[in-house]
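Asks: Quick one: the structure is below, and I'll ask about it shortly.
The values are calculated or read from the model by the stated rules, or taken from the named source; none is laboratory data. None of the values given here were measured: they were computed from a predicted structure. All Cβ positions, even for glycine, are placed from backbone atoms using ideal geometry, and neighbour counts span all protein chains on display.
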Ligand code: UDP
Ligand code: MG
């Protein structure tokens, strides 16, 4: 531990993608939080680390200006947009040897920073991961709420362990981060990777608010892609489901075969069955295409993993 006087050194990792509208306020609030905590709970050397995930607006400029004024602000600028999960990963990689624990929080101030103090107490008590989860989702739209519930249910059904209503607002000790960095996968879905690692963890509930300014950087398309990533990265159940479906269809077609033979020899009027020919063609056609699609998804993933491209590329660093 890098602890000074028994106080943990904390790094706050903030991924930012086109957040110029909210960033000045974020910097103020997080700086205040850090100052307040330094007075009691955490080491004087604790710092903020902003990751600019290839923003196209004034995000980097805003961070640079803030870093000139405050020595506890550090930053990494990606060469292009590599996505939220990779930004968090870069953050963990940077801070792992420089801190005792890291807090990850979104730049849009949706999360309630006031719950972190309790989290740090848990870390001091020997807990390794603190998940901050939402008590309720009243700030989200009906659509986001419903799809989120469906997603968590589906993940549970597929046997993937994931903390209900927890996103990427969490505290982790550096030994957890070190383990995380040994996971070499390109397709990242951090919120399922932490439960996979084990360690002692706790859940603290927060009231998640609406975004302070700017728009969500997760439009529907990105959200769906992310959910898909989560499912296919952590579960091979869809593949197994298809195998089972294939077996069921096969058994049914054998039964149907018996039935047809029975009707042919013992039935009263043998109508050449149009339906019984055409329906299975559509059914099996659909099933086959669907199965190839699912298998293809996983092959696509293997393709990406085998190439093992870097998960992010850093352009600049402010120490
Ligand atoms: N983000 C990022 N790269 C991206 C998309 C988002 O670093 O490609 C950051 C974003 O700036 C924010 C966090 O990830 O700090 C969560 O995004 P957002 O708040 O837009 O998602 P939502 O809360 O709407 O799900
Ligand atoms: Mg948000």
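Asks: Here's a check for you: in the range 110-127, which residue that is more than 14 Å from residue 42 (Cα to Cα) and assigned to a helix (DSSP H, G or I) is nearest to ligand 1 (Cβ to nearest atom)?
Replies: Among those that are more than 14 Å from residue 42 (Cα to Cα) and assigned to a helix (DSSP H, G or I), it is 113.
Asks: Here is a list: 203, 260, 254. Which entry is loosely packed, with under 12 Cβ neighbours inside 10 Å and either farther than 30 Å from residue 136 by Cβ or in the same structural domain as residue 126 (by TED's automatic domain parsing) (or both)?
Replies: So the residue among 203, 260, 254 that is loosely packed, with under 12 Cβ neighbours inside 10 Å and either farther than 30 Å from residue 136 by Cβ or in the same structural domain as residue 126 (by TED's automatic domain parsing) (or both) is 254.
Residue-wise test of (1) in contact with a strand residue (DSSP E or B) (Cβ under 9 Å, 6 or more places away or on another chain); (2) in a loop (DSSP other than H, G, I, E, B); (3) buried (at least 17 other Cβ atoms within 10 Å of the Cβ).
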residue	(1), (2), (3)
15	yes, no, yes
27	yes, no, yes
34	yes, no, yes
40	yes, yes, no
43	yes, yes, yes
54	yes, yes, yes
60	yes, no, yes
64	yes, no, yes
77	yes, no, yes
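Asks: Among the numbered criteria (1) surrounded by fewer than 17 Cβ atoms within 10 Å (Cβ to Cβ); (2) part of a helix (DSSP H, G or I); (3) within 13 Å of ligand 1 (Cβ to nearest atom), which one does residue 216 miss?
Replies: With respect to (1) surrounded by fewer than 17 Cβ atoms within 10 Å (Cβ to Cβ); (2) part of a helix (DSSP H, G or I); (3) within 13 Å of ligand 1 (Cβ to nearest atom), residue 216 is out only on (2).
Asks: From 199, 250, 226, 169, which residue is in contact with a strand residue (DSSP E or B) (Cβ under 8 Å, 6 or more places away or on another chain) and either outside any strand (DSSP E or B) or away from ligand 2 (no atom under 16 Å from the Cβ) (or both)?
Replies: Checking each option against the conditions leaves just 199.
Asks: Does the range 99-109 contain any residue that is more than 16 Å from ligand 2 (Cβ to nearest atom), closer than 20 Å to residue 190 by Cβ and in a helix (DSSP H, G or I)?
Replies: No, the range 99-109 contains no residue that is more than 16 Å from ligand 2 (Cβ to nearest atom), closer than 20 Å to residue 190 by Cβ and in a helix (DSSP H, G or I).
Asks: Right, something else. Quick one: is residue 241 without any contact (Cβ under 8 Å) to a residue 60 or more places away in the chain, more than 16 Å from ligand 1 (Cβ to nearest atom), over 30 Å from residue 20 (Cβ atoms) and not in a helix (DSSP H, G or I)?
Replies: For residue 241, the condition - without any contact (Cβ under 8 Å) to a residue 60 or more places away in the chain, more than 16 Å from ligand 1 (Cβ to nearest atom), over 30 Å from residue 20 (Cβ atoms) and not in a helix (DSSP H, G or I) - is not met.
Asks: Quick check, is residue 191 touching a strand residue (DSSP E or B) at 6+ places or on another chain (Cβ under 8 Å), within 16 Å of ligand 2 (Cβ to nearest atom) and within 18 Å of residue 132 (Cβ to Cβ)? Break it down stepwise before answering.
Replies: Numbers: touching a strand residue (DSSP E or B) at 6+ places or on another chain (Cβ under 8 Å): yes; within 16 Å of ligand 2 (Cβ to nearest atom): yes; within 18 Å of residue 132 (Cβ to Cβ): yes.
Judged against the criteria, residue 191 is a match.
Asks: Another question about this same structure. Do you know which residues across the range 95-121 are in contact with a strand residue (DSSP E or B) (Cβ under 6 Å, 6 or more places away or on another chain) and surrounded by fewer than 20 Cβ atoms within 10 Å (Cβ to Cβ)?
Replies: 112, 115, 118
Asks: Restricting attention to the range 185-206, and to residues there that are out of contact with any helix residue (DSSP H, G or I) (no Cβ under 8 Å at 6 or more places or on another chain) and in contact (Cβ under 8 Å) with a residue 40 or more places away in the chain, which single residue is farthest from residue 107 (Cα to Cα)?
Replies: 200
Asks: Tell me which residues, restricted to the range 128-157, are surrounded by fewer than 19 Cβ atoms within 10 Å (Cβ to Cβ), outside any helix (DSSP H, G or I) and either modelled with pLDDT of 90 or more or within 12 Å of ligand 1 (Cβ to nearest atom) (or both).
Replies: Passing the criteria: 133, 137, 139, 140, 141.
Asks: OK, next. What are the residues in the range 101-112 that are touching a helix residue (DSSP H, G or I) at 6+ places or on another chain (Cβ under 6 Å) and at pLDDT below 95, if any?
Replies: 109
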